[in-house]
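**Student:** Before anything else, here's the structure in question.
Nothing in this text is a laboratory measurement; each read-out follows from the coordinates by a stated rule. This one's a predicted model, so the numbers in the text were calculated from it and none came from an experiment. Don't worry about glycine lacking a Cβ; one is built from the backbone with ideal geometry, like all the others, and counts go over all protein chains shown.
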Amino acid sequence: MIEHTLAIIKPDAVASGHTGEIIGLVEKNGFSIDRMEKGAISEEYAAAFYDMHKEKPFFKELVTFLASGPVVVMALRKENAIADWRTLMGATNPEQAAPGTLRKLFGTNIGKNAVHGSDAPESAARELMLFFGGSQPEKDCENCECKDTCDCNDSCCKDCK
């Protein structure tokens, strides 16, 4: 099933000059990048993004770090995108991440771990909405009745489901 997920190249990886390498690995691993933007995130926006962690002791650290410098935000698409992106990212702690994963290659520690990815379809939809205003349309549905106007929720678009 084709899925959409959000990916963020965090400030540590952007500052270290690893953006191009990470994007290259995204594409080499079969992801389509439907949208991509580079820019700064305010602390208020970062707090809204990490809202589900607001009662946890590390919340302020997450917010401060995400807002500490430019990030690259991507809307990715492929079959099993969420699970495949999480596999490519590796474990949250780079020391525990498998060889060849993005966090092993580019992460410094559990707080500065280079990339973020949605962990479930619900969080992917929420995060895509937060950054891009909604889920990303399936662009490869040539047989779909609604073609380029599809928002992947249309019942006519069986290939987008």
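**Student:** Counting other beta carbons within 10 Å of each residue's own, what order do M129, M74, M36, M89 fall into, fewest first?
**Tutor:** In order of increasing Cβ crowding within 10 Å: M129, M36, M89, M74.
**Student:** Residue by residue through segment 12-28, which ³J(HN,Hα) values in whole Hz follow from phi under the Karplus form 6.51 cos²θ - 1.76 cosθ + 1.60 (θ = phi - 60°), with glycine and proline marked x?
**Tutor:** Taking θ as phi minus 60°, the curve returns 5, 6, 5, 4, 7, x, 9, 4, x, 5, 5, 4, x, 5, 4, 5, 4 Hz for segment 12-28.
**Student:** Let me ask you something else. Within 10 Å of each residue's Cβ, count the other Cβ atoms and sort D51, D12 from fewest upward. Walk me through the numbers on the way to the answer.
**Tutor:** Numbers: D51 12, D12 21.
Starting with the residue having the fewest Cβ neighbours, the order is D51, D12.
**Student:** What is the diffusion coefficient of segment 1-111 in µm²/s, taking the Kirkwood radius over Cα pairs and the Stokes-Einstein relation at 10 °C with a viscosity of 1.306 mPa s?
**Tutor:** On the way: Rh = 14.5 Å.
Taking Rh from Cα pairs, D becomes 109 µm²/s.
**Student:** Also, I was wondering about something else. Among the listed pairs K28/K104; K38/K78; K10/K56; K28/K60; K56/K78; K54/K104, give every one whose C-alpha distance is greater than 24 Å.
**Tutor:** K28/K60; K56/K78; K54/K104, as the Cα separations exceed 24 Å there.
**Student:** Would you pull out the residues with amide H under 5 Å of R35's amide H, same chain only if 5 or more places away, H placed 1.01 Å from N?
**Tutor:** Long-range HN contacts for R35: A75.
**Student:** Taking the number of other C-beta atoms within 10 Å as the exposure measure, put K10, K28, K38, K78 in order starting with the fewest. Please report the intermediate quantities before stating the final value.
**Tutor:** On the way: K10 23, K28 9, K38 12, K78 17.
Fewest to most other Cβ atoms nearby, the residues stand as K28, K38, K78, K10.
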